[in-house]
1. Which of the residues that make up the range 37-56 are over 19 Å from residue 68 (Cβ atoms) and either in contact with a strand residue (DSSP E or B) (Cβ under 8 Å, 6 or more places away or on another chain) or at pLDDT below 50 (or both)?
2. Please tell me if residue 100 is within 14 Å of residue 115 (Cα to Cα), surrounded by 15 or more Cβ atoms within 10 Å (Cβ to Cβ) and in contact with a strand residue (DSSP E or B) (Cβ under 7 Å, 6 or more places away or on another chain).
3. If we keep just the residues of the range 65-81 that are out of contact with any strand residue (DSSP E or B) (no Cβ under 9 Å at 6 or more places or on another chain) and farther than 17 Å from residue 101 by Cβ, which is modelled with the highest pLDDT?
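The values are calculated or read from the model by the stated rules, or taken from the named source; none is laboratory data. As the structure is a prediction and not an experimental result, all values here were calculated from the model. Cβ placement follows ideal geometry from the backbone for every residue including glycine, while neighbour counts extend to all protein chains displayed.
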């Protein structure tokens, strides 16, 4: 009897918890699973940024940077004193506002501009 009561309480708490959580914050802020940002670079390439997590303030916290060959690299925000850095395995980009430098290798920065749907 006690097991049945515990199981029903657990089930109800899970169902109520799912109802309280609501929609995904990335989707609520207009950042759907489809690509909504990209880096338009001087080398003629565009690198898509797929948002994974967005802070309450609307800042991109983690994302996937899609490289030319179709492979995506997970990048994470690293706040800096002046500007920002998103770093992942073997790739990172530093910037301020929409101007960034993309590093696909250690000593070869590529100047890029962050674009979004409203800047197409």
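1. The first filter runs over the range 37-56 and keeps only residues over 19 Å from residue 68 (Cβ atoms), leaving 51-56.
If the condition is that a residue be over 19 Å from residue 68 (Cβ atoms) and either in contact with a strand residue (DSSP E or B) (Cβ under 8 Å, 6 or more places away or on another chain) or at pLDDT below 50 (or both), then 51, 52, 53, 54, 55 are the ones that fit.
2. Taking the combined requirement at face value, the residue satisfies it.
3. In the first step, residues of the range 65-81 are kept if they are out of contact with any strand residue (DSSP E or B) (no Cβ under 9 Å at 6 or more places or on another chain); the result is 69-71, 81.
Then keep just the ones that are farther than 17 Å from residue 101 by Cβ; that gives 69-71.
On the way: 69: 74, 70: 67, 71: 85.
Going through the qualifying residues, I end up with 71.
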